[in-house]
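Accompanying notes for the structure given below.
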Amino acid sequence: MDRSFNPAVPYFSEVRPRKFPWVNVVLFVATCLSTLLTGTFMMMGFNQADFSEIWHPSSLLMGLPFCIAIMSILFAHEMGHYLLCRYYGIDASLPYFIPVPILSLVGTMGAFIKIRGPIRDRGSLLEVGVAGPIAGFIVAVVALMLSIGHSRIAILEPSADTILMGEPLIFKAAEYLAGMTPPPGMDVYLHPVSVAAWFGLLVTALNLLPAAQLDGGHIAYALFRRHHRWISLGVVFALIPLTIFYFAGWGLWIVLLLVLRVYHPPTLDDSVPLRPRHIALGWIGLILLVLCLTPAPIEKTSLLDLLRL
């Protein structure tokens, strides 16, 4: 059989014998448990239930919708990457989920796959990069539309325990369509599944930043490979005022991008031209970034706020 490289004809990679992915399975189960427990706490708070019954089996089942929603969003994102890697014959690992062993906002820090093989050309690089955000975005929007109507509008009473989450454009549009736009002095008390959708949209936005080797960095390199480094540096400088005035957490993203050295390795053949569908997918990635990005994912935690403490 002729196995010569033809970038115009993608194919599924051969199935190679591998060891059972114990690490992936253990991390997946651990993340299911951490998100289930977090979802239970969130649902009990949303329903104003008695927290003394948190360990009762029926109480734990209350966290199941949140667990299913957030795990589905992360799974769809990573499998979007994985399946495109398989389609183009790129060696890649199954998803690694990251559980948070103690209670946190969502019970997980996300998931990732390892791409262990070289990528053929810019077209396949772009498709691998954009497939994850598109898949995760679709599942997040479905979860949002199914749950936002179960949220409720409440009087805004800021306190030390209050977490004000910034809402991207797609989130505001969903609230408007569901008739959940709050009047002045009030806010939307999100249903836990809506919180899972919010986190999924945030993950989509962070990954689509056009820098380094993020998903957006893959897209930027595929479209503008000669200018990728300058685009990445532009993102780093753009995050500085966001860190100062909106959200201190952007500073961690700046450190991450600098650690990655805003560099992107070349594909096996950068000279292969992009097709019209690749340009269209690049625009879709940009549109998703605009829809999902918010300057302050967690409000009132800018660097200026921290310096005032």
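Looking at Leu291, Leu258, can you tell me which residue is closer than 16 Å to Pro210 by Cβ, surrounded by 12 or more Cβ atoms within 10 Å (Cβ to Cβ) and at pLDDT below 95?
When all the criteria are applied, what remains is Leu258.
Which one of these is closer than 28 Å to Ala173 by Cα, in contact with a Pro (Cβ under 7 Å, 6 or more places away or on another chain) and either at pLDDT below 95 or in a helix (DSSP H, G or I) (or both): Leu239, Leu201?
Exactly one of Leu239, Leu201 is closer than 28 Å to Ala173 by Cα, in contact with a Pro (Cβ under 7 Å, 6 or more places away or on another chain) and either at pLDDT below 95 or in a helix (DSSP H, G or I) (or both), namely Leu201.
Yes or no: region 205-219 includes at least one residue that is over 16 Å from Leu126 (Cα atoms), outside any loop (DSSP other than H, G, I, E, B) and either touching a residue at least 12 places away in the same chain (Cβ under 8 Å) or more than 18 Å from the chain's Cα centre (by Cα) (or both).
yes
Test of understanding: among Ile148, Ile163, Ile90, Ile119, which residue is more than 15 Å from the chain's Cα centre (by Cα), under 25 Å from Val290 (Cα atoms) and in a loop (DSSP other than H, G, I, E, B)?
The conditions single out Ile163.
Just wondering, is there one or more residues in region 256-268 that are touching a Ser or Thr at 6+ places or on another chain (Cβ under 9 Å), in a helix (DSSP H, G or I) and either of a type outside the set (Phe, Trp, Tyr) or within 17 Å of Ala205 (Cα to Cα) (or both)?
Checked against the condition, which is being touching a Ser or Thr at 6+ places or on another chain (Cβ under 9 Å), in a helix (DSSP H, G or I) and either of a type outside the set (Phe, Trp, Tyr) or within 17 Å of Ala205 (Cα to Cα) (or both), region 256-268 yields at least one hit.
For Arg86, which of the numbered conditions (1) within 25 Å of Trp22 (Cα to Cα); (2) of a type in the set (D, E, K, R); (3) in contact with a helix residue (DSSP H, G or I) (Cβ under 6 Å, 6 or more places away or on another chain) fails to hold?
Evaluating Arg86 over (1) within 25 Å of Trp22 (Cα to Cα); (2) of a type in the set (D, E, K, R); (3) in contact with a helix residue (DSSP H, G or I) (Cβ under 6 Å, 6 or more places away or on another chain) leaves (3) as the failure.
Within region 47-62, take every residue that is assigned to a helix (DSSP H, G or I) and modelled with pLDDT of 75 or more and give me the one that is farthest from His150 (Cα to Cα).
Pro57
The values are calculated or read from the model by the stated rules, or taken from the named source; none is laboratory data. This is a predicted model, so every value here is computed, not measured. Quick reminder, even Gly has a Cβ in these numbers, built from the backbone with ideal geometry, and neighbours come from all protein chains shown.
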